[in-house]
Amino acid sequence: MKVGFYQFSPAFGEKEKNINKVVTAIKDTDAHLLVLPEFFATGYQFISEDEVDDLSEQVPKGPTTEALIELSHEKNIYIVAGLPERAGDKFYNSAVFTGPEGFIGFYRKTHLFSEETLYFTPGDTGFRVWDTKIGRIGIKICFDWFFPESMRSLALLGAEVVAHPSNLVLPFCPDSMPVRCLENRVFAVTANRIGTEHRRPDQSLTFIGKSEVVSPRGEILVRASDDEESLMSVSIDPTTARDKVLNQYNDLLKARRPDLYGPLY
Ligand code: ACM
């Protein structure tokens with residue numbers, strides 16, 4: 001099967017324009033699983049509670065999730081994409097998972113980054129993996145990567161492919177994902193954005209691009225540039241991620257020693 005991403009520069013607050021851009025851009029993709037960036041339809045840098053209130057949507061009832069469900073259905077494709085979620089009086093940095101069969105599930109970002117902590121509630125879903133026709137798909141969102149527990153949790157839950165919607169600003173993730181994938185023997189699809197947002201006079205954010213697909217052997221199978229819009233995909237066999245055997249003596253997950261990992265809990 002083919003997995004891929006669409007890396008682009010969403011315009012802040014212009015949901016309809018961003019969604020239409022995605023619909024047009026992915027028209028000819030051959031990916032079976034396509035990952036879009038974190039906050040792909042709204043832009044990233046919220047600077048007031050009113051903006052968050054204005055742009056967040058219910059899941060799965062909101063228009064962005066509904067558009068993704070329709071797109072998945074029309075194109076017979078699985079999509080993972082990030083959006084700000086409204087749930088009662090709370091707001092989460094979430095990702096939704098849709099497929100030809102409709103809405104599959106959602107995940108709420110566990111580790112909020114920087115000023116996200118001002119406007120969003122830390123996720124309460126925990127990490128999740130869905131068993132689908134294209135394999136066992138898990139989700140983490142952007143800064144979650146910085147916490148090795150995220151990928152480990154997903155691997156222990158049986159993830160074969162980890163979809164990773166992102167809006168990376170720090171430079172470390174693209175070169176770190178090969179280690180995360182190697183130590184857990186999973187595939188990862190990081191869909192980052194490009195461009196700069198300058199929504200506060202005293203601060204601008206430049207997103208680093210370099211979206212990529214990484215294999216369980218730590219190989220970068222495809223990587224986009226740091227500043228170009230890119231739609232990329234690559235063939236993988238997700239079942240190879242089930243093999244955690246390093247040699248005849250070491251199975252990566254079975255060789256763990258949780259009884260000695262006390263400080264982690
Ligand atoms: C991030 O979590 N958006 C860096």
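The values are calculated or read from the model by the stated rules, or taken from the named source; none is laboratory data. Just so we're clear, the structure is a prediction, and the values are computed from it rather than from any experiment. Every residue, glycine as well, gets a Cβ built from its backbone with ideal geometry; the counts of neighbours run over all protein chains shown. Each accessible area value is taken on the protein alone, full model and side chains, heavy atoms only, with ligands, DNA and RNA left out. Shrake-Rupley method; radii C 1.70, N 1.55, O 1.52, S 1.80 Å.
Contact order, relative form, for the chain: 20 percent (alpha carbon pairs under 8 Å, 6 or more residues apart, mean separation divided by residue count). Take VAL23: with every protein chain present and a 1.4 Å probe, its accessible area is about 60 Å². Among the listed pairs LYS75/LYS244; LYS21/LYS140; LYS75/LYS140; LYS21/LYS244; LYS27/LYS90, those whose Cα-Cα separation exceeds 31 Å are LYS75/LYS244; LYS21/LYS244; LYS27/LYS90. Sparsely packed loop sites in the range 158-235 (the trypsin sites (Lys or Arg not before Pro) outside DSSP H, G, I, E and B with at most 16 other Cβ atoms within 10 Å) comprise ARG217. Shape class for the range 182-261, computed from the alpha carbon gyration tensor (a ≥ b ≥ c): oblate, with a/c not under 1.5 and a/b at or below b/c. Of the residues SER9, PRO178, THR196, the one whose Cα sits farthest towards the positive end of the charge dipole of the chain is PRO178 (charges of +1 on Lys and Arg Cβ, -1 on Asp and Glu Cβ, taken about the Cα centre).
Treating each Cα of the range 1-87 as one equal point scatterer and applying the Debye formula with no solvent, the log10 of I(q)/I(0) at q = 0.15, 0.16, 0.25 Å⁻¹ comes out as -0.53, -0.60, -1.33. So which aspartates and glutamates can LYS15 reach, going by Cα to Cα under 15 Å and dropping same-chain residues fewer than 8 places off? By straight Cα distance, LYS15 reaches GLU38, GLU51, ASP53, ASP54, GLU57, GLU66, GLU85. Expressed as a whole percent, the accessible surface of the chain that belongs to carbon and sulfur atoms is 51, based on a 1.4 Å probe. Considering only GluC sites (Glu not before Pro) in DSSP loops that have at most 15 other Cβ atoms within 10 Å, the longest stretch of the chain without any of them is 116-218.
The C-alpha atoms of the chain define a longest principal axis, and helix 15-25 lies at about 50 degrees to it.
Rolling a 1.4 Å probe over the protein heavy atoms leaves CYS142 with an accessible area of roughly 10 Å².
How high is the relative contact order of the range 12-64, in percent, with contacts defined as C-alpha pairs under 8 Å that are six or more residues apart? This gives 46 percent for the range 12-64. In the chain, inverting the average of 1/r over every pair of distinct C-alpha atoms gives 18.4 Å as the Kirkwood radius.
In this structure ASP237 has an accessible area near 80 Å², from a 1.4 Å probe over the protein heavy atoms.
For the range 1-107, the solvent-accessible area works out to 38 Å² per residue, with a probe of 1.4 Å and every protein chain left in place. Largest first, the residues TRP130, TRP145 sort by 1.4 Å accessible area into TRP130, TRP145.
If both residues of a DSSP beta bridge must be in the range 74-161, then about 95% of such bridges are antiparallel. For the chain, the antiparallel share of DSSP beta bridges with both residues in that region comes to about 70%.
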